[in-house]
Structures are given as C-alpha cells and as structure tokens.
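What follows is a set of notes on a single structure, which appears directly below.
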Protein chains: 2
Amino acid sequence: MIRLHKQGEIVQKLCEKCSLHILCMPVMLKERELTDLGAIIRQSRRLKKGEYLFRAGEPFTAIFAVRTGFFKTIVNSQDGRDQVTGFFMSGELLGLDGICNNNHGCDAVALEDSEVCELPFNNMEDAGSLLPSLQIHFYRLMSQEILRTQELMLMLGNMRAEERLAGFLVNLSHRLSFRGFAANDFILRMSREEIGSYLGLKLETVSRTLSKFQQEGWIKVEHKHIQLLQPWMLQEMVMHCQKAVG
Amino acid sequence: MIRLHKQGEIVQKLCEKCSLHILCMPVMLKERELTDLGAIIRQSRRLKKGEYLFRAGEPFTAIFAVRTGFFKTIVNSQDGRDQVTGFFMSGELLGLDGICNNNHGCDAVALEDSEVCELPFNNMEDAGSLLPSLQIHFYRLMSQEILRTQELMLMLGNMRAEERLAGFLVNLSHRLSFRGFAANDFILRMSREEIGSYLGLKLETVSRTLSKFQQEGWIKVEHKHIQLLQPWMLQEMVMHCQKAVG
DNA sequence: CGATTTTTTGATTGGTATCAAACATGGTGG
DNA sequence: CCACCATGTTTGATACCAATCAAAAAATCG
C-alpha cells in the first residue's frame, strides 16, 4: 500500500484487490518482517496513454502491478507480425515472462493514462527467503498467469469468432466487477484492431460480430461504450457454442 | 540425480539436460545444503502408455519432470471440447499450472511407456527458503512456461495451417536435438488428431499438410516416422510465411 | 486373422479474410 | 470555433483456406 497519497482512501480500496496486496499490507506480518519488507515496493510510476512501460528485449529488473489505468502486452514474432497477448487492469501483474531470460518477452503499453507499482525483482528474491508465505504467493501468481494463457489458447484453438468475442466480453465483465466496477456497462479501452489481434481475428470481423450481438439484443454498442443487456446469452455462447449456432 | 539405478550412466546423461538438474546434482552445493536437499526429489514413477500422471481437478501435491518417455497435457473446456496444450519430453516439467489453485489445471497422459521424477511441492517450498538460488531457478522455469504458451498463442492466432505445422516440426526438432537425439529423423509419439488439437486444426488438415510438405520434398513421412529433408524450408515458412505462400 | 482405430484422399460447404468504400471520430491548427 | 486530416469503424462483395462429410486404405491390437 502506497502511503502519503492525496486520496488515501481510494488508493486503499484499489489496493485491496491487488495481486501484490500481500506485499503492500505489512499489517498482516510480524514486526520484524515489516521492516524488511519496507523497501520491496518502490514508488509508483505514471504513464501517459500510448507510453511503453517496457519493451521486449529490454533488461528485466522489475515486475509491475497496475494501480490505475489499462495496459496491453504485445509479443513480436520474428517476421514482424505481432499479437496482443493480454489486457491488464488495476491489480493485475505485468512482466512475469521476463524472469526467464532476464529480459522482457513482450512490450507493455498503456492504453490510457495509468499508474503502476514497481516491484524490483532483486528485493523480491530477498523477501522470498525471508518470508516463505510470500514466496508461495508469488508462485501462485505465476501459475495463475499460466492458467490465463491456457484459457486463451483454448479460445484461439477451438472457438469461432462469435464465441471468442463473447468469451472476451464475459471475461472483461468478470474482472471489472471483481474490482468493484459495473459488470454490464463499461468502456472498451482498446481498439477493434487490438481486440482482433488478441482473439486471432481481423478488425472487420470484430466489428461485424459486435454489430450482430447488438442486433440480437444481447449488447448495446456505442463506439467504445458497451452495455451487456443479456450477459447470460454471451455466457451461454461460450459454454456450448456449437449448439447455439448450428 | 536418482541414485542406485541399474544403468547409472544413461540416467546421468538424461539428467544433465533436465530442468530440475540443479535440484538433483548436490555436487554443486555446499555440504550443509546437500543434506537439506536430500529429500526433495522423490523416487521416480513409471507409467505405461495411456496412463494418466494426473487429472484436472485432482489435488496438486507435486511437480513432475519427465525422465524418459513422452507426455501430452489436455485442458478440458466447460462444454466438453478439450485441447492439447503441450507435449513434454525428457527433462521437461509438468504440473506448474496446478500451484495456483492447489489442484491440477489439466490432464497429463503418457504417450508411451514413461518415467517421471516427482518433486513434492512442500519440500520445494522449504528448499526455496534454504537456497535462494534454487528459488530463482524455479521462478525461471515457471516464466519459461509462460513464454512457451505465448509462442503457442502466436501460432494459434496468426498462422495458417502450413505455418503452424512447420513451426511444430521445427520446435520438436530443436528440443530433440537439445537432448542429444537426431534433429531431422524422429518418431512422432502423438496421433494426427493430437497434433491437430494442439495446433487448432482438424486431423485431416494435419494429414494433408504433411503430405504436401512431402510432395515439396521438404520432409519424408512414413506413418509416425518423420525425416526433415530441408528443415531450413520449414524454418523459412515459420519466419516469413505470407511471402512463402502468396 | 479379423475387428477397430488411424490415416489418407476427395468433394463440398462455410466461416473468416481480404478488398473496397463510405462514414464517424478525435485531435490539430488556423 | 470550425475546417481539416489522420485514424478508427462500419458495412458490403468476393475469395480463399480449412472444416465437414464421406469413403477407402493402412495400421494396430487382441
């Protein structure tokens, strides 16, 4: 938990749902450990829309937790084609794929003015040996990222355009509501093209599919403002998709 | 390194390239640490072809390193469709996605008679605090798994059937050669359908594409026996694919 | 050897990409 | 404040790749 912030209460609320909560809330820890942990989280960093938090290939020194704002990550293939591999909102972690080779495996770009907490990885290592529970917590976070990419693989490998987009909207809705935002009324921070890249579709297909969902009465689309009118229909589509269409 | 094995030398050779090498080779560690580490790796376990090492949902207690043989992992989607998410050969790690929720996120099935080393995760936690370098090594392994799935996502999201299969063969070739096997002459341990599931293709497409590669003279296919005659052509196809086809 | 499973190959269908053009949006500078 | 341009979005027509349906051939297993 970052201290000395003007809007202390708001920050605390954000932090409650953060993956790094345990690192920031020394209250739960013993007195001795508290002092040791003081230096783990470094002061937050602000980024303007479009700014890069890090780029693929840059030396890896820290992991980041989104405090406010929205990010995307992009992997660059050898031949210039690149793909969005994730969208990250407050409380979510960026940069875990950099640990492996000591340099970042993807670009991270702010999709709106944002703020992140920086966790230098060296401190992390030290803290891990001091606090076994922290080490395990961190294993969990990394494992969760593996689960996330597995789910995405399932979408990319098995699902049709409509199912992928439905899955995307439902997932976004869940994550927003978990963080206390409206589940069925939100602003898309990313372009149609970025959604397409993430889902392995072309931007025209994304646009067409959103229009179709609107015609069906399942959602309301006003540019980037999305309302889920019948979210259960989207959920349905992700679950047994071949029936819903065939 | 498992001791007291009949074919000591062969085992040692296999272990040299194993991800868990560092856990098994106490030679590199100080005397005191050696004793502590004695109990980390548990005796290996044998599985017959078709046997499950673990199933999705089962309580997670250990991570496994393939010692000999070949495995696939499968994620089950809610509606019954499932997808192969990886193939694992000797030295590679299975079960990392189970840490997150304390139960396994996928099935792991032996594709031939196999043997694994079992690493109880509790021991792992203890060992991590004793040996910081070990903890970091383990972070690296998990990060590597994230990188692997990212690469696969790129294939599933961006590539055409030919490119995916070329990428698959090249990847297999690299991993085999890293472990001292022939790079351009190997036996596929999995069926066409399993390859298809992994690559987001139907088995017919896999079969057709292999036939096409053979007609081009790039590979030789004899059932499960594959020879790469012009591996650079496959590599080429993965790198700048649109040119090679358009 | 026969039964079952896997693989190959062909014909057709269908979903998404591609190409193209109109339209809306948001930011910039006059 | 508005005109303007660059960018992003929608929608339509067409093309193409891979899925599907189908059937024969080959391999595996008991």
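The values are calculated or read from the model by the stated rules, or taken from the named source; none is laboratory data. None of these values were measured; they are calculated from a predicted model. We place every Cβ from the backbone using ideal geometry, glycine too, and count neighbours over all the protein chains shown. Accessible surface is based on the protein model in full, side chains and every heavy atom, while ligands, DNA and RNA are left aside. Shrake-Rupley method; radii C 1.70, N 1.55, O 1.52, S 1.80 Å.
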With the label set 7 Å along Cα→Cβ, B:Trp232 is separated from its counterparts in the other copies, in nm and shortest first, by 6.2
Counting only protein heavy atoms and rolling a 1.4 Å probe, how much accessible area do B and A lose on contact, total for both sides, in Å² to 100? 4500 Å²
Karplus-derived 3J(HN,Hα), 6.51/-1.76/1.60, for each residue of the stretch B:49-54, Hz, glycine and proline x: 3, x, 6, 8, 7, 7
Calculated label separations, A:Gln215, copies of the chain, 7 Å along the beta-carbon direction, nm: 3.8
In nm to one decimal, list the spacings between the A:Glu118 label point and its equivalents in the other copies, with label points set 7 Å along Cα to Cβ, shortest first. 4.5
Whole-number percent relative contact order across the stretch A:86-211, with pairs defined as alpha carbons under 8 Å at least 6 apart: 18 percent
Residues with amide H under 5 Å from that of A:Phe54, placed H, sequence gap 5 or more: A:Ala108
Peptides ranked, highest mean first, by Cβ atoms within 10 Å: ranges B:202-211, B:150-159: B:150-159, B:202-211
Please give every one of the aspartates and glutamates within straight-line cross-link reach of A:Lys202, meaning a C-alpha to C-alpha distance under 14 Å, and leave out same-chain neighbours fewer than 8 residues apart. A:Asp82, A:Glu162, A:Glu193, A:Glu194
How are the C-alpha pair distances of the stretch A:159-245 spread across 5 Å bins, as whole percents from the shortest bin up? 3, 15, 27, 29, 20, 6, 1
With +1 assigned to the C-beta of every Lys and Arg and -1 to the C-beta of every Asp and Glu, and no other charges, what is the dipole magnitude of the stretch A:159-245 about the Cα centre in debye, to the nearest 20? 120 debye
Using only alpha carbons, build the gyration tensor for the stretch B:102-167 and give me the equivalent ellipsoid semi-axes, biggest first, whole Å. 31, 18, 11
In whole Hz, the Karplus estimates of ³J(HN,Hα) for the stretch B:140-147 (6.51, -1.76, 1.60; θ = phi - 60°; x where Gly or Pro) are 4, 4, 5, 4, 4, 5, 4, 4
Under 5 Å from the placed amide H of A:Asp185, counting only residues 5+ away or on other chains, we find A:Leu228
Starting at 0 and stepping by 5 Å, how many percent of the alpha carbon pairs of the stretch B:62-182 end up in each bin? 2, 9, 16, 22, 21, 16, 9, 4, 1, 0
What residues qualify as long-range amide H neighbours of B:Leu111, i.e. H under 5 Å apart, gap of 5 or more or another chain, H built at 1.01 Å from N? B:Gly50, B:Phe70, B:Phe71, B:Lys72
Taking θ = phi - 60°, what integer Hz values does the Karplus form 6.51 cos²θ - 1.76 cosθ + 1.60 yield along the stretch A:74-83, in sequence order, with x for Gly and Pro? 10, 9, 9, 7, 4, 9, x, 5, 10, 9
Length added when fully stretched, A:Glu118-A:Glu16, from 0.36 nm per residue minus Cα-Cα: 35.0 nm
